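Values quoted throughout were computed directly from the atomic coordinates according to the rules given, and no laboratory measurement underlies them. As the structure is a prediction and not an experimental result, all values here were calculated from the model. As a convention, Cβ positions derive from the backbone with ideal geometry for all residues, glycine included, and neighbour counts pool all protein chains shown.
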Amino acid sequence: MKNRFDTIIYSANLSGIITSIIQKKKGQKVLLLNRYGFFGGSITESLNLLQKKVDLNPDQNQILSGILERICEFKEGFLFEDDDTLVLNPEVLKYVLQKKCEENEIDLLFHITPYRIDFDEDLIKITVIGREGEIHFTTSRLVDFSTEFTFAPLIDKTSRRFLHSRVNFISLPVNSEVLKNVSRKIKLIDERWWLSIDLNCPDIFQVEEEATQTLDQIDELLRQNKSRVQIVPAQSHLIFSFKRTDKFERRISFVTDFVNHFEPVDEILISQKIEDQLKNEINI
């Protein structure tokens, strides 16, 4: 793989893929990075499946509209839908986003962890850790559209602050009375449940341990009622605040450059706002 790109983008969520496609259509050399080996960002990695609907302009939001239309073509592309929200099928989303990248011939590098950023005149030097060790790239622009602001601590450790976390998961069917103490829950079209539980853990390094304990406890409760936890996330849903400091050059973009404030349910909204602004720079 070549190591010089015009734009390097992280991660392979809706916003990252939309940006990759737009920049590729500009004629740029684009590389899309991702921590896990599958697409979807927090929606699939953390099972952050409950999302707000947005009003889309098919002319202005061609890419996002196309993605959602493809998902809708699957019988269970949406596991729940009402007037304001929907629950995405994570496996369908992964498949649709993968096909979208294949169709647009986006260069991908998955299974990586961002490690270091250096600045050299007009270039940004990026080091990531992959399966083969350190991998080095140079780029003119870095786009971090992860909602965890993954690259921010590599530039300024004080810019990102951990707020709280949740563990999201899917259970097999069970009587709603069993789940009466779970505040965020959605009954899916196939009678399963999407569940989201806040973790009372101020230490980010202990989040996964608490998530495991929480899942074990609710799984025991479900099994007592002839049900069980069926699908667990690759990681808990981590929620951060971010403040851009003087150490951040304008060649590095974050979600908050396009959306001032967002909630976990706003992944579709974020990607819409980003496509809206980038669309004005190119006729797709």
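Taking neighbour Cβ counts within 10 Å as the exposure measure, how do 261, 164, 136 sort from fewest upward?
Details: 261 7, 164 15, 136 12.
With the fewest neighbours first, 261, 164, 136 line up as 261, 136, 164.
Using the Kirkwood radius over Cα pairs, work out the Stokes-Einstein diffusion coefficient for the chain at 37 °C and 0.692 mPa s, in µm²/s as a whole number.
Details: Rh = 19.8 Å.
Diffusion coefficient, whole number: 166 µm²/s.
Over 13 Å, how big is the tail of the calculated P(r) for region 1-42, in percent of all Cα pairs? Intermediate results must be reported in sequence, preceding the final value.
On the way: 420 of 861 pairs.
Result for the distance tail: 49 percent.
Ranking request for peptides 202-210, 45-53: highest mean number of other beta-carbon atoms within 10 Å first, then the rest in descending order. Let's see the in-between values first.
Numbers: 202-210: 13.2, 45-53: 22.0.
So the order, starting with the most tightly packed, is 45-53, 202-210.
For region 49-128, max minus min Cα coordinate along each principal axis, in Å, sorted largest first?
Projected onto the principal axes, the Cα atoms of region 49-128 cover 49, 28, 25 Å.
List the residues whose amide H sits under 5 Å from the amide H of residue 11, counting only those 5 or more places along or on another chain, with H placed 1.01 Å from N in the peptide plane.
16, 145, 146
So if R0 is 22 Å, what FRET efficiency would residue 131 and residue 3 give, r being the distance between their Cβ atoms, rounded to the nearest 0.05?
Working: r = 16 Å, r/R0 = 0.75.
With R0 = 22 Å, the Cβ-Cβ based efficiency is 0.85.
Within a 10 angstrom radius of the beta carbon, how do 17, 231 rank from fewest other beta carbons to most? Can you show the working numbers first?
Numbers: 17 29, 231 15.
If I rank by nearby Cβ atoms, fewest first, I get 231, 17.
Listing 95, 10, 115 from the residue with the fewest other Cβ atoms within 10 Å to the one with the most, what is the order? Could you put the intermediate results ahead of the total?
Numbers: 95 18, 10 25, 115 14.
So the residues, fewest neighbours to most, are 115, 95, 10.
Along Cα→Cβ, 7 Å out, is where each label goes; now give me the distance between the ones at residue 157 and residue 104 in nm to one decimal.
3.6
Going from the alpha-carbon gyration tensor of region 137-284, what semi-axes, largest first and in whole Å, does one get by taking the root of 5 times each eigenvalue? Present the calculation step by step, with values, prior to reporting the outcome.
Numbers: eigenvalues 261, 76, 27 Å².
Listed largest to smallest, the semi-axes of region 137-284 are 36, 20, 12 Å.
Across bins of 5 angstrom width beginning at 0, how are the C-alpha pair distances of region 160-238 distributed, in whole percent?
Reading the bins upward from 0: 3, 15, 28, 24, 15, 9, 4, 1, 0.
Under unit Cβ charges (Lys, Arg +1; Asp, Glu -1), what dipole magnitude, rounded to 20 debye, does the chain have relative to its Cα centre? Walk me through the numbers on the way to the answer.
Details: 37 positive and 45 negative charges, 63 e Å.
It works out to roughly 300 debye.
Might you report the magnitude of the Cβ-based charge dipole of region 160-238 about its Cα centre, with Lys and Arg at +1 and Asp and Glu at -1, to the nearest 20 debye?
Dipole about the Cα centre, nearest 20: 320 debye.
Mind listing the long-range amide H neighbours of residue 29? Cut-off is under 5 Å, sequence gap 5 or more, other chains count too, H placed in the peptide plane at 1.01 Å from N.
For residue 29, the qualifying residues are 6, 7.
Largest first and in whole Å, give the semi-axes of region 7-152's equivalent ellipsoid, each being the square root of 5 times a Cα gyration tensor eigenvalue. Could the numbers behind the result be given before it?
Values: eigenvalues 165, 55, 35 Å².
Equivalent ellipsoid of region 7-152: 29, 17, 13 Å, largest first.
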